[in-house]
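**Student:** I'd like to ask some things about the structure below.
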Amino acid sequence: MPNPRRPCWWRGTRLRIQYPAAIYHVINRGNYRRDVFETTGAASSFVATLGEASTRFEWEFHAFSILRNHFHLALTTPIPNLADGRHRLQTTLAVRSNRFRAERGHPFQGRYQSPPVENAAALLRGVDPIHLNPVRAGIVPAEQVAQFRWSSLARFA
């Protein structure tokens, strides 16, 4: 039995909330706000890696948006495996990216954010901001958001 008075490495670290059929809005940003997806190849690799994670961990994607220095995902985990799947996703991407760039280290900063989404209605309200993220970032005008290549809007429309 752990001693409650003894300091632990995990104190202050909030546990991930995971349960079957959980819906999440996952967000992570490049280390030092650096551009992680600065090339077409980097973004394509991320999309491919998302597909691999979706198959391996049985995730259901509802929306995604990839910008130069961060990404947003809306997904459901039929099995409570967000932490394992996200670890695999970002580790695979880091290995591929570092190999391509002849670099070392973590491309993403700290802990990813993964606030749970309450229900399907809240998910529908959250998908639009994910798809409109490139407009808010000034990458594309609002009338061309459906053509933004690194978003799921065109795939799901």
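**Student:** Just to confirm a number: summing +1 for Lys and Arg and -1 for Asp and Glu over residues other than Thr91 whose beta-carbon lies under 13 angstrom from that of Thr91, what do you get?
**Tutor:** Working: positive: Arg56, Arg86, Arg88, Arg96, Arg99; negative: Glu52, Asp84.
Residues close to Thr91 contribute a combined charge of +3.
**Student:** Positive end of the dipole of the chain, charges at C-beta (+1 Lys, Arg; -1 Asp, Glu), about the Cα centre: which of Phe71, Pro141, Tyr112 has its Cα farthest in that direction?
**Tutor:** Sorting the options by dipole projection puts first Tyr112.
**Student:** Continuing with the same structure: Suppose every K and R has +1 on its Cβ and every D and E has -1 on its Cβ; what is the size of the dipole of region 83-157 about the Cα centre, in Debye to the nearest 20? Please report the intermediate quantities before stating the final value.
**Tutor:** Values: 11 positive and 5 negative charges, 84 e Å.
With Lys and Arg at +1 and Asp and Glu at -1, about 400 debye.
**Student:** Next question. Any chance you could get the radius of gyration and Dmax over the Cα atoms of region 56-145, in Å?
**Tutor:** Answer for region 56-145, Rg first and Dmax second: 14.9, 44 Å.
**Student:** Provide the net charge surrounding Phe156, with neighbours chosen by a C-beta distance below 15 Å and charges set as Lys +1, Arg +1, Asp -1, Glu -1.
**Tutor:** Numbers: positive: Arg149, Arg155; negative: Glu60, Asp128.
Net charge in that neighbourhood comes out at 0.
**Student:** Separation between the Asp35 and Glu143 pseudo-spin-labels, each 7 Å from Cα along Cα→Cβ, expressed in nm?
**Tutor:** 2.7 nm
**Student:** So what is the relative contact order for the chain, in percent, with contacts set as C-alpha pairs under 8 Å and at least six apart? Walk me through the intermediate numbers first.
**Tutor:** Details: 215 pairs, mean separation 47.7, N = 157.
So the answer I get is 30 percent.
**Student:** May I pose another question? Grab every C-alpha pair in the chain, bin the distances at 5 angstrom width from 0 up to the longest one, and report whole percents.
**Tutor:** Result returned by the calculation: 2, 8, 17, 21, 19, 15, 9, 4, 3, 1, 1, 0.
**Student:** Which FRET efficiency, nearest 0.05, do Arg111 and Glu58 yield, Cβ-Cβ r, R0 30 Å? Numbers along the way, then the final one.
**Tutor:** Details: r = 23 Å, r/R0 = 0.78.
After rounding, the FRET efficiency stands at 0.80.
**Student:** Taking the Cα centre of the chain as the origin, how large is its charge dipole in debye, to the nearest 20, when only Lys and Arg (+1) and Asp and Glu (-1) carry charge on their Cβ atoms?
**Tutor:** Values: 21 positive and 10 negative charges, 168 e Å.
About 800 debye.
**Student:** Follow-up. DSSP loop trypsin sites (Lys or Arg not before Pro) in region 55-157 with at most 16 other Cβ atoms within 10 Å of their Cβ, which ones? It would help to have the intermediate numbers written out before the result.
**Tutor:** Details: sites: Arg56, Arg68, Arg86, Arg88, Arg96, Arg99, Arg101, Arg104, Arg111, Arg125, Arg136, Arg149, Arg155; in loops: Arg68, Arg104, Arg111, Arg149.
Those that pass, being in a loop and sparsely packed, are Arg104, Arg111, Arg149.
**Student:** What does the charge count around His70 come to, taking other residues whose C-beta lies under 9 Å from its C-beta (Lys +1, Arg +1, Asp -1, Glu -1)? Walk me through the intermediate numbers first.
**Tutor:** On the way: positive: Arg29, Arg33, Arg68; negative: none.
That works out to +3.
**Student:** Related question: Within the chain, which is the longest segment that contains none of the GluC sites (Glu not before Pro) sitting in a DSSP loop with at most 15 other Cβ atoms within 10 Å? Don't skip to the answer; put the middle values down first.
**Tutor:** Values: sites that count: Glu38, Glu58, Glu103, Glu118.
So the longest stretch without any such site is 59-102.
FYI, it's all coordinate maths here, none of it is from the lab. Small disclaimer: the values here were computed from a predicted structure and weren't measured. Cβ coordinates were reconstructed from backbone atoms using ideal geometry, including for glycine residues, and neighbour counts include every protein chain displayed.
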